[in-house]
Amino acid sequence: MKIDIHVHGPFKVLKVEDELEIITDLSELKFLIDGYISQGIHRIAISFSGISYIYSGAIAVLMECHKNLLDFNDGKLCIIETNDDIKTIFSSLNIDKILDIYDSESDLPMFEPAE
């Protein structure tokens, strides 16, 4: 799995560029996000621009990471740059009611990081 990582405003952006199909990919993504949380990085956006489909295991990882981020006042997990099929899956599972989903990185909120 290839993940491009960069910062956009207060967000650490993880751009997943390969399909998340196997358990090691999911473990790697969770390990990466948990590592950022332990470093005090509590605003994370995940881009699925390179993904054509999302599997249930990946959704479970996203929900667990979202839950972990709720422990922090400034914690936020966002999804960006998904295709219409993934948006439909998120909508049918009501994930779009739990996580903020933005069309592009430039749509991310630009509030100041908490001190």
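Miscellaneous remarks
- Selection of region 46-60 for residues being more than 17 Å from Lys2 (Cβ to Cβ) and modelled with pLDDT of 85 or more yields Ile59, Ala60.
- Of note, Asp85 does not satisfy the criterion of being part of a loop (DSSP other than H, G, I, E, B) and out of contact with any strand residue (DSSP E or B) (no Cβ under 7 Å at 6 or more places or on another chain).
A quick yes/no check of all residues on (1) in contact with a Cys (Cβ under 9 Å, 6 or more places away or on another chain); (2) of a type outside the set (Phe, Trp, Tyr):
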residue	(1), (2)
His8	no, yes
Phe11	yes, no
Leu26	no, yes
Lys30	yes, yes
Ser38	no, yes
Ile41	no, yes
Ser49	no, yes
Tyr102	yes, no
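- Restricting attention to region 19-36, the residues that are modelled with pLDDT of 90 or more, under 21 Å from Glu105 (Cβ atoms) and surrounded by fewer than 19 Cβ atoms within 10 Å (Cβ to Cβ) add up to 2.
- Meets criteria (touching a residue at least 40 places away in the same chain (Cβ under 8 Å), over 14 Å from the mean Cα position of the chain (by Cα) and within 22 Å of Pro10 (Cβ to Cβ)) for Asp74: yes
- Against the criterion of being among the acidic types (Asp, Glu) and loosely packed, with under 15 Cβ neighbours inside 10 Å, Asp107 qualifies.
- Pairs are defined by a Cβ separation below 7 Å, a sequence spacing of at least 6 or placement on different chains, a first member in region 1-16 that is closer than 15 Å to Gly40 by Cα, and a second member that is among the acidic types (Asp, Glu) and surrounded by fewer than 18 Cβ atoms within 10 Å (Cβ to Cβ); the pairs so defined are Pro10/Glu112.
- Of all the numbered requirements in (1) in a loop (DSSP other than H, G, I, E, B); (2) at pLDDT below 90, Ile41 misses one, and that requirement is (2).
The values are calculated or read from the model by the stated rules, or taken from the named source; none is laboratory data. It should be emphasised that the depicted structure is a prediction, and the values quoted were computed from it without experimental measurement. With ideal geometry, Cβ positions are generated from the backbone for all residues, glycine too; neighbour counts draw on all protein chains shown.
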